[in-house]
Amino acid sequence: MPYFSFHHSEPTRKKTVPAEFFTTLVHKMKVLVATEKPFAKVAVDGIREVVEAAGYELALLEKYTDKQQLLNAVADADAIIIRSDIIDETVLNAAKQLKIVVRAGAGYDNIDLNAATKHNVVAMNTPGQNSNAVAELALGLMVYAVRNLYNGTSGTELKGKKLGIHAFGNVGRNVARIAQGFGMEVFAYDAYCPDEAMIAAAVTPVHSAADLYKNCNIVSLHIPATDETKNSINHDLVNLMPKGGILVNTARKEVIDEEGLISLMQERPDLKYMTDIMPAADTKFRTLFEGRYFATPKKMGAQTAEANINAGIAAAKQIVDFFVNGNTRFQVNK
Ligand code: 3PG
């Protein structure tokens, strides 16, 4: 049932009733952008334009440092736009007016979907909107790795190397496209993607994770963090990689069995791990694997003006479309 926002004709009223009485009855929808890691300003301007054109109010909570700030900000929000911000039961309990939360991005493992459903809150993501940005960063990490972290020594090239894409979704497809430009030979494994989609993108389908790792010089992770994938990138799987293997992670830290990877990298000094999501054991990785481990200080994959504009404005438009037309196309807690 759509939440129509107040374009009704003005009710007939007696002269004795002050006009303010009616305006207090008219609820103006409030859309909160709650981003611990803020969007580029140009994206926030675009979101504001969409929200205000619909007659709603925009509120901003950026770079917050404490959960209480989020709990206060959500109290009167009808809709929230987030990034990797955690929306759990506590937040939902505090968000008494909330009808919809949109994750401006792909992964929605930061939203407690069951709690959202319980609170009658629609949860959505904006698939594909930031995938080129993440894919470009993945290739950047690959170049950084084969050039020995730009330490001045002679490295190798990506051209002619075999790249394994672990999960062929929006980001995986963009990684394939860019890697082909580098002259890489591209393989992909994705249990949920038909071979035809890979073949159409000139990518060779592989039918098990083991075969992907066995065959490829570089593996790029694009799996979501789910019960099935958490800790699945473990010692034995990565150990299948040929000598000089490079593992690139722009997906989620939870998919890595960190202790397993640490013990493998101790056994195999030829392996490198490049990640856009700092592991819980970052200090250990940094201390033990200098020159063959790199983690960005903050997840940077989707941190471009273009990705912020695409995902942020898509989120704002999805909120308006939901309130005006009841559109739930991108709902993830059905
Ligand atoms: C995503 O799931 O869309 C990416 O991991 C980007 O996350 P971010 O918006 O927190 O940078």
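The values are calculated or read from the model by the stated rules, or taken from the named source; none is laboratory data. Worth saying up front: this structure is predicted, and the values here are computed from it rather than measured. These accessible areas exclude ligands, DNA and RNA; they are computed on the full protein's heavy atoms, side chains included. Shrake-Rupley method; radii C 1.70, N 1.55, O 1.52, S 1.80 Å.
Quick notes on this structure:
- Taking Lys28, Lys162 and ordering them by how much accessible surface each has at a 1.4 Å probe, largest first, produces Lys28, Lys162.
- In this structure Ile309 has an accessible area near 50 Å², from a 1.4 Å probe over the protein heavy atoms.
- Backbone geometry of the stretch 235-250 corresponds, through the Karplus equation with coefficients 6.51, -1.76 and 1.60 at θ = phi - 60°, to 3J(HN,Hα) couplings of 3, 5, 5, 5, 5, 6, 5, x, 3, x, x, 10, 9, 10, 10, 10 Hz, x marking Gly and Pro.
- Note on Ser208: accessible area is roughly 40 Å² with a 1.4 Å probe, heavy atoms of protein only.
- Here's the list of lysines a cross-link from Lys284 could span, going by alpha-carbon distance under 17 Å and ignoring same-chain residues fewer than 8 apart: Lys253, Lys272.
- Relative contact order for the chain: 20 percent, from Cα pairs under 8 Å spaced at least 6 residues apart, divided by residue count.
- Counting all C-alpha pairs of the stretch 102-142, share separated by more than 11 Å (%): 68
- Using θ = phi - 60° and Karplus 6.51 cos²θ - 1.76 cosθ + 1.60, couplings along the stretch 281-286 (whole Hz; Gly, Pro as x): 9, 3, 4, 5, 4, 5
- As a length-normalised measure over Cα pairs under 8 Å and 6 or more apart, the relative contact order of the stretch 260-334 settles at 23 percent.
- Rolling a 1.4 Å probe over the protein heavy atoms leaves Leu137 with an accessible area of roughly 50 Å².
- Cα-Cα over 31 Å, subset of Lys214/Lys299; Lys30/Lys67; Lys28/Lys118; Lys37/Lys161; Lys67/Lys230; Lys30/Lys298: Lys37/Lys161
- Each 20 Å bin from zero up to the one holding the largest Cα-Cα distance in the chain carries the following percent of pairs: 29, 50, 17, 4, 0.
- Normalised by residue count, the stretch 131-295 yields a Cα convex hull volume of 99 Å³ per residue.
- Shown for the chain are the DSSP H helices of 15 Å or more along their axis, judged by Cα atoms, with a mean Kyte-Doolittle hydropathy of at least 0.5: 131-146, 305-325.
- MRE, 222 nm, helices only [DSSP H, n ≥ 4, -39500 (n - 2.57), over the chain, to nearest 500]: -10500 deg cm²/dmol
- Scattering profile of the stretch 197-334 at q = 0.17 Å⁻¹ [log10 I(q)/I(0), Debye over alpha-carbon scatterers]: -1.00
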